[in-house]
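The values are calculated or read from the model by the stated rules, or taken from the named source; none is laboratory data. Remember, it's a predicted structure, so these values are computed and weren't measured experimentally. When we count neighbours, we look across all protein chains shown, and the Cβ atoms used for this are built from the backbone with ideal geometry, even at glycine. Heavy atoms of the whole protein, side chains included, go into the accessibility calculation; ligands, DNA and RNA do not. Shrake-Rupley method; radii C 1.70, N 1.55, O 1.52, S 1.80 Å.
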Amino acid sequence: MKHATARPARRAMNRRTRLPGRVALVAVALSATGLCAARAQDGAGVHPPLTPTRDVQVDYNVQPDGVPEPKPIRTWFAYNGGLMRIDSPQGMGETILNRMSRQVTIIINPQKVYSQLDARYGIRNPFLLDLSMTFARKGTSSVAGVACTQWDVTTDQGNATACVTDDGVVLQEIGVDGDGLKGRLEATKVVYGPIPDSMFQPPEGYRKVDPPPPPGTPATRDNKGG
């Protein structure tokens, strides 16, 4: 697959897109696993690559603090990190993040429906780093048989360590994220290779539905015929 060369703005991944109601279930479950900062700001100094620079599929075990067992999460990255897909455990649904268009697609498999949201304020992503963090290089390591560099990561909420490959894949992260959530993610399998565009589209035959309005939105009334 040939990928576009346009580089998405770094701010596109930095604030959480809120997805209320039933459509939110998949996205909430995924974002709760995240270990990343929430707000972008100018950064300085040495840092690892912030997005994967080539197509890659990564299987993770993700374990928020207080959860007894890690959950398997499968991810795909393409277009230099501009497209990402996150599959929830047990195949309940998928979240597709398009950083280039700032669009989030939420797929719910049991109902065979999907919703698309305009993430105009950016998209929170639990598997990518950003420039709101500060970094200090520690050394080298290996996770899932892949070499990576260990970094100390500091945010407003606390500290973490991350092991990142030279081509921008986060293989391990342990500690406190930018929202103050504590947990751990660790890659168990890394596969490089072209990813078809169909992986970043809703499945054929799924019905598009409108997402529920955010909490607190006044109810609208149908004024036909008063």
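Scanning region 72-92 for residues that are open to solvent by 70 Å² or more (accessible area, probe 1.4 Å) and either under 17 Å from K112 (Cα atoms) or over 15 Å from the mean Cα position of the chain (by Cα) (or both) turns up Q90, M92. Restricting attention to region 145-170, the residues that are open to solvent by 30 Å² or more (accessible area, probe 1.4 Å), outside any strand (DSSP E or B) and not charged (D, E, K, R) total 2. Selection of first residues in region 129-151 that are in contact (Cβ under 8 Å) with a residue 60 or more places away in the chain and of second residues that are in a loop (DSSP other than H, G, I, E, B) and polar (S, T, N, Q), restricted to Cβ pairs under 6 Å at least 6 apart or on distinct chains, gives the following pairs, ordered by first then second residue: D130/N14; S132/Q41. Of all residues in region 173-187, those being modelled with pLDDT of 95 or more and open to solvent by 80 Å² or more (accessible area, probe 1.4 Å) number 0.
Run down D130, D118, D152, D156 and say which single residue is in contact with a helix residue (DSSP H, G or I) (Cβ under 8 Å, 6 or more places away or on another chain) and of a type in the set (D, E). Residue meeting the stated conditions: D130. Of the residues contained in region 115-136, none is found to be modelled with pLDDT of 95 or more and open to solvent by 10 Å² or more (accessible area, probe 1.4 Å). Using the structure shown, decide if T95 is open to solvent by less than 40 Å² (accessible area, probe 1.4 Å), within 24 Å of V176 (Cβ to Cβ), modelled with pLDDT of 90 or more and of a type in the set (S, T, Y). When the stated conditions are applied, T95 passes them.
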